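Asker: Starting off with a structure, shown below.
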Amino acid sequence: SRSSRGWATASPVSPATTSSWLSGRRRAARASGAPEAGADGDRVAVGDNSGPRRGSPDPTAAPPADRRAATPLWHRGAVELRPRYGDDPVVVLDGDPAAIADPAARQRRRLVDALGTLDDEQWAAPSRCEGWSARDVVVHLDGTNAFWTHSIRAGLDGAPTELLARFDPSATPAQMVAGAGEVSPAEVLDRFAASSGALADLLCSLGPDDWSATAESPPGHVSVSTVAHHALWDSWVHERDVLLPLGVAPAEEPDEVVACLRYAAALAPGLAVTMGEDRRGVLVIESRRPAAVVEVTVAGRVTVRAGHTAGATPDLTLSGDAVALVEALSVRRPLAPPVTGDAAWLVAGLATVFETDAPSGGPEPG
């Protein structure tokens with residue numbers, strides 16, 4: 001039976017521990033591209049995925065030699081974060097705040113089950129994260145489970161943490177997985193199963209008022225619901241980082257995909273705002289498979305709502321396959337065509353904040 005002890009049970013999470021799993025990588029990632037904006041806003045159609053998704057090789061083909069997709073985003077370690085703390089959250093999501101509980105819990109439990117089928121060779125196989133094996137990715141996710149759980153509990157106690165304000169990537173360059181040592185895949189899975197279960201159980205235990213409590217995420221103090229969105233998005237992308245190179249097709253549950261799309265669209269401009277960006281703009285995303293319309297308004301904070309404001313002209317509109325859009329916004333594949341011009345910052349903020357390679361585009365597969 002799996003061990004009941006996991007890293008998420010550690011309380012509190014010390015700043016040193018947080019720095020260890022936040023340190024991430026210094027090597028730059030293949031950045032997402034960005035659509036070209038015109039004076040009245042631009043509409044960019046992102047290619048459908050009728051063929052294999054970029055980063056998901058044909059199981060019968062040899063794995064690609066170049067695996068430069070980055071560890072996502074805020075834990076990459078290229079630039080110091082500047083979280084915005086206090087009662088003015090930089091990211092605000094509309095809708096039922098408790099609706100994130102089921103997809104966030106489901107995704108983690110599904111990933112635990114999938115990892116339980118891997119053999120030692122698969123655990124050691126390269127992931128889509130440059131320099132990381134499947135095992136390394138799971139070690140990382142186990143650590144982030146501890147942070148999310150501690151952050152939410154502290155928020156519910158009325159004392160939201162400010163651990164990320166102490167994170168200095170230039171002073172803590174070690175890889176986040178270095179502290180794990182030579183831990184066997186079985187032990188890594190045991191720890192991840194325990195920490196995932198602890199986080200899933202916590203999310204599913206929250207009452208209606210708990211979701212609006214303030215807790216810490218990489219952009220700063222946001223609602224517990226927004227923290228849960230970040231946790232789902234990060235784990236959902238990493239699930240694909242592990243499974244796709246192994247020729248395993250991850251599940252693409254509609255509610256998980258839409259939640260990840262909403263959050264990924266908000267994070268880039270949200271982090272840009274925390275870094276001093278003062279421009280205003282509106283991004284609209286129209287996705288297929290599943291169908292969704294997401295409006296992201298940036299004006300000192302990032303507000304995400306379902307649908308599009310009647311009569312309003314967005315600065316940039318993206319349309320296409322929902323999973324392809326999440327992958328692009330998560331720096332896993334380029335947007336195509338590339339984005340240049342005045343609205344590029346709405347989708348290229350992550351590349352700017354984390355000093356990745358310049359945004360690039362190209363034809364979509366299939």
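The values are calculated or read from the model by the stated rules, or taken from the named source; none is laboratory data. The structure presented is a predicted model; accordingly, all values stated were derived computationally and were not measured. Cβ atoms come from the backbone with ideal geometry, glycine included; neighbour counts cover every protein chain shown.
Asker: Could you run through the range 202-232 and say how many residues are acidic (Asp, Glu), touching a residue at least 12 places away in the same chain (Cβ under 8 Å) and surrounded by fewer than 23 Cβ atoms within 10 Å (Cβ to Cβ)?
Answerer: Adding up the residues that qualify gives 1.
Asker: Could you give every pair whose Cβ atoms fall below 7 Å, whose first residue belongs to the range 283-294 and is closer than 10 Å to Leu261 by Cα, and whose second residue is small (Gly, Ala, Ser) and surrounded by 19 or more Cβ atoms within 10 Å (Cβ to Cβ), counting only separations of at least 6 or pairs across chains?
Answerer: Within 7 Å, the pairs are Ile285/Ala265; Ser287/Gly320; Ser287/Ala322; Ala292/Ala322; Val294/Ala265.
Asker: Of everything in the range 298-340 that's hydroxyl-bearing (Ser, Thr, Tyr) and buried (at least 19 other Cβ atoms within 10 Å of the Cβ), which residue is farthest from Ser225 (Cα to Cα)?
Answerer: Filtering first and then ranking leaves Thr317.
Asker: Would a scan of the range 260-267 turn up a residue that is part of a loop (DSSP other than H, G, I, E, B) and basic (Lys, Arg)?
Answerer: no
Asker: Working carefully through the options Thr117, Thr144, find the one that is assigned to a loop (DSSP other than H, G, I, E, B) and either among the hydroxyl-bearing types (Ser, Thr, Tyr) or without any contact (Cβ under 8 Å) to a residue 40 or more places away in the chain (or both).
Answerer: Of the residues listed, the single one that is assigned to a loop (DSSP other than H, G, I, E, B) and either among the hydroxyl-bearing types (Ser, Thr, Tyr) or without any contact (Cβ under 8 Å) to a residue 40 or more places away in the chain (or both) is Thr117.
Asker: Name the residue that is modelled with the lowest pLDDT, counting only residues in the range 149-191 that are among the acidic types (Asp, Glu) and closer than 25 Å to Ser225 by Cβ. Don't jump to the end; show me each part of the working.
Answerer: Residues of the range 149-191 that are among the acidic types (Asp, Glu), as a first pass: 157, 162, 168, 182, 187, 190.
Going one step further and asking which of them are closer than 25 Å to Ser225 by Cβ, we end up with 157, 162.
Working: Asp157: 98, Glu162: 95.
The qualifying residue modelled with the lowest pLDDT is Glu162.
Asker: Can you work out which of the residues in the range 86-134 that are over 22 Å from the mean Cα position of the chain (by Cα) and buried (at least 18 other Cβ atoms within 10 Å of the Cβ) is nearest to Leu199 (Cα to Cα)?
Answerer: Across the range 86-134, the extreme among qualifying residues is Leu118.
Asker: Just one of Arg305, Arg289 is over 30 Å from Val138 (Cα atoms) and over 17 Å from the mean Cα position of the chain (by Cα); which is it?
Answerer: Arg305
Asker: Cβ contacts < 9 Å: first residue under 17 Å from Val294 (Cα atoms), restricted to the range 334-349; second residue charged (D, E, K, R), any location; separation 6+ or different chain. Result?
Answerer: What qualifies is Ala343/Glu36; Ala343/Asp42; Ala343/Asp315; Leu346/Arg279; Leu346/Asp315.
Asker: Within the range 120-141, which residues are among the small types (Gly, Ala, Ser) and either in contact with a helix residue (DSSP H, G or I) (Cβ under 9 Å, 6 or more places away or on another chain) or outside any loop (DSSP other than H, G, I, E, B) (or both)?
Answerer: Once the filter is applied, which keeps residues that are among the small types (Gly, Ala, Ser) and either in contact with a helix residue (DSSP H, G or I) (Cβ under 9 Å, 6 or more places away or on another chain) or outside any loop (DSSP other than H, G, I, E, B) (or both), the range 120-141 yields Ala124, Ala125, Ser127, Ser133, Ala134.
Asker: Among the residues of the range 298-313, which ones are in contact with a strand residue (DSSP E or B) (Cβ under 6 Å, 6 or more places away or on another chain) and more than 20 Å from Val90 (Cα to Cα)?
Answerer: Listed by number, the residues that qualify are Gly307, His308.
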